[in-house]
Amino acid sequence: MHLLIIEDDLDLGRALQHALRAEGISSEWLRRAGDTPRDPATSLADAVLLDLGLPDGEGLDLLARWRRSGVTLPIVVITARSALEDRLAGLDGGADDYVIKPFATAELVSRLNAVLRRSARQASEEWTVGDLLISPRRHEVCVQGEVLPLSPREFQLLLELAREPGKVQPKAQLAQRLQPLGDPLDFGALEVHLSNLRRKIGAERIHTVRGVGYRLEVRESPEA
């Protein structure tokens, strides 16, 4: 998981990044509303953590602007504002969840996993994509009860494709998502991982759209 954190408090921002890194979650941290992208999806984040009280603006205004412009990326508000009217304003304004400071990292991660499952239209922690059963937490993928021996990079690549099955994922976006804290993965290396993934899950499951990217095909199990 890669997050965009918008939080002005220096101590909290540093502590949050450190705690999330220990959970295997990478992040980009911004402190001002004016530094945020017009569309947070361009940061290649899976979700946004948004503080409400920013030095140059109001987090709710930023949230409203994003939702008006069609941004669908999951957004979780993190704030000390605990009054009912504040919580309702955040949720009614388009937040996917509202977490009150101080919070435990374990709870925040669980809430993030929950909003990402909803975003991927998955009802549980195990994603069902046709006859593939994917467990992000256990880093396992099964076909008809058989666990496939994927490397960590192959599993990460499959997870990115499975977030929106049937939709083409641009090659450049996949390369960046597989290396969120550094330079994008070399296209040659990406194609090697894709080739290995195809060999293990079945070449027909991943379709190449020449000059654009790759699409995960949904195959139903024989019993379906």
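Kindly establish whether residue 34 is within 23 Å of residue 93 (Cβ to Cβ), more than 17 Å from the chain's Cα centre (by Cα) and either surrounded by 13 or more Cβ atoms within 10 Å (Cβ to Cβ) or of a type in the set (Asp, Glu) (or both).
Here the answer is no, as residue 34 does not meet what is asked.
Restricting to the stretch 107-127, what's the tally of residues that are loosely packed, with under 13 Cβ neighbours inside 10 Å, among the polar types (S, T, N, Q) and at pLDDT below 80?
Qualifying residue count for the region: 1.
So which of 70, 59, 53 ends up being touching a residue at least 40 places away in the same chain (Cβ under 8 Å) and surrounded by fewer than 21 Cβ atoms within 10 Å (Cβ to Cβ)?
53
Residue-wise test of (1) surrounded by 14 or more Cβ atoms within 10 Å (Cβ to Cβ); (2) modelled with pLDDT of 85 or more; (3) of a type outside the set (S, T, N, Q); (4) over 28 Å from residue 27 (Cα atoms).
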| site | (1), (2), (3), (4) |
| --- | --- |
| 129 | yes, no, yes, no |
| 138 | no, no, yes, no |
| 141 | yes, yes, yes, no |
| 181 | no, no, yes, no |
| 197 | yes, yes, yes, no |
| 220 | no, no, yes, yes |
| 224 | no, no, yes, yes |
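The values are calculated or read from the model by the stated rules, or taken from the named source; none is laboratory data. Please read all numbers here as calculations on a predicted model, not as lab measurements. FYI the Cβ positions are ideal-geometry reconstructions off the backbone, even for glycines, and counts take in every protein chain you see.
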